[in-house]
Amino acid sequence: MDDTDTALAALAGRGITGPFETAVVLGTGLGTIAEALEGAIAVPYGDLPGFPAAGVSGHGGRLVAGTWEGSRVLVLQGRSHYYETGNPAAMRVPLEVVARLGTHHLLLTNSAGSLHPDWYPGSMALISDHINFSGLNPLVGMAGDDRFVPLADAYDRHIRLRLKRAAVQAGVTALREGVYMWFSGPSFETAAEVKMAKLLGADLVGMSTVPEVILARRLGLRVAGLSVITNFATGIGSGNPSHGETKEVALGGSIGLKRLLRSYFRARDDA
Ligand code: HPA
C-alpha cells in the first residue's frame, strides 16, 4: 500500500467514504471556514500519511468531511506550500485522496496580492488562468503519458460561472477575475518583479495553488481558484506586504468567502 491507499483506509476507518460533490482547500488565514460544515468528521493531517506536516502559522492541518447546504463537502484545512518543503508535488497525496474519494470539483482558495490599485484588500477574485514562471512543475519525475497535462481550460468555466452567480446572491460585490502568477516565496516579491508580473499579464501574485491545479488536472478533477486579496503587491501604491498583514486581512476576508461558498452550495449543481 502506498500513502494514498493508507490514508484512504484511515479515512474509511473513521467513516469517511465518497463520493463528495466538492473538495475545498483552505488557504492561509481561511481555516475557520471549515466550521460551516454540518455533521463534520475531522481527521488531523498527522494521522494521514503523505499529508502536510504542521507548518505555517494560521493553518489548522485537518481534513474535514461533512455537508454544507445539503452538499457533501470535503475540506482540506491547510496546505503545504513549495516554500515549506522544496517539493512542488507536496500536495500530491492529499489530492490523490480527494480524487479517489470520487470528488467531482476542487475549489482552491488562497490569499493573494493585488496588482491593481482598485482591487482592494478584503475583496475577492476568481482565477481565470495562471502564469508559472517558477521553473518548477509538480509532475517532473512522474512517468507515463498522463504527465503531459493540457492546461487550456484548467480553471473550469462552469464552476466559475456558478461562483459568480453565488457571489451576486450572497451580496459579495466586486468579485474580480484575473490571472494568478505563482512565486515560490517565502520572501515577498520585489517591486521590479511585481512590475514584470503586471507586464506579463498577471492580476494577482501568490505562493500557492498553481502546483495543486497542475496535480489536480492530471487526476481529472475539475478545478476553480478563488483568491482573497489581502494586500497590494509590493510597489502597487503603498504595497509592502508582510505575513502578519496577509493573515489578518485573510481572517476578515474569510467572512465574505464563507458567505459566497454557502450561497454556492445552496444553489446545488446542475452540470
Ligand atoms: N505576494 C505573494 N503571495 C501573497 C501575497 C503577495 O503580495 N499576498 C498574499 N500572498
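The values are calculated or read from the model by the stated rules, or taken from the named source; none is laboratory data. Bear in mind the structure is a predicted one, so any value in this text is a computation, not a measurement. Using ideal geometry, Cβ is built from the backbone for each residue, glycine included, and neighbour counts are taken over all protein chains shown. These accessible areas exclude ligands, DNA and RNA; they are computed on the full protein's heavy atoms, side chains included. Shrake-Rupley method; radii C 1.70, N 1.55, O 1.52, S 1.80 Å.
Does anything in region 155-186 have its amide N under 16 Å from the 7 Å Cα→Cβ label point of Leu200, and if so which residues? Label zone hits: 179-186. Taking the accessible area of the chain, probe 1.4 Å, and keeping the other protein chains in place, the carbon and sulfur fraction comes to 52%. Judged by the ratio a/c of the largest to the smallest principal axis of the C-alpha gyration tensor, region 128-234 counts as oblate, that ratio being 1.5 or greater while a/b is no larger than b/c.
Reported to the nearest whole Å, the Cα centre-to-centre distance from region 1-36 to region 241-271 is 19. Output wanted: per-residue J couplings in Hz (rounded whole) for region 209-217, from phi through Karplus 6.51 cos²θ - 1.76 cosθ + 1.60, θ = phi - 60°, x for Gly and Pro. Values per residue, Gly and Pro as x: 6, 4, x, 5, 4, 5, 4, 5, 5 Hz. Here Lys258 is the anchor, and the lysines within straight C-alpha reach of less than 23 Å, apart from those fewer than 8 places off in the same chain, are Lys164, Lys247. Would you mind checking the tilt of helix 243-266 against the longest principal axis of the Cα atoms of the chain, expressed as 0 to 90 degrees and rounded to 10? The angle comes out near 60 degrees.
This model, with +1 at the C-beta of Lys and Arg and -1 at the C-beta of Asp and Glu, gives the chain a dipole about its Cα centre of some 560 debye. When you restrict to C-alpha pairs under 8 Å that are six or more residues apart and normalise by the size of the chain, the relative contact order lands at 25 percent. Other residues whose C-beta falls under 13 angstrom from the C-beta of Asp5 contribute a net charge of -2, scoring Lys and Arg +1 and Asp and Glu -1.
Packing, as the average of other Cβ atoms within 10 Å across residues, places the peptides 11-18, 77-84, 255-262 in the order 77-84, 255-262, 11-18, highest first. Between Ala267 and Ala40, the FRET efficiency estimated from the beta carbon spacing at R0 = 22 angstrom works out to 0.55.
What does the C-alpha gyration tensor say about the overall shape of region 148-206? Classify as rounded when a/c is under 1.5, otherwise prolate if a/b is larger than b/c, or oblate. Judged from the Cα gyration tensor, region 148-206 comes out oblate (a/c at least 1.5, b/c at or above a/b). Histogrammed with a bin width of 5 Å, the alpha carbon distances of region 3-266 distribute as 1, 6, 14, 19, 21, 18, 12, 6, 2, 1, 0 percent, first bin at zero.
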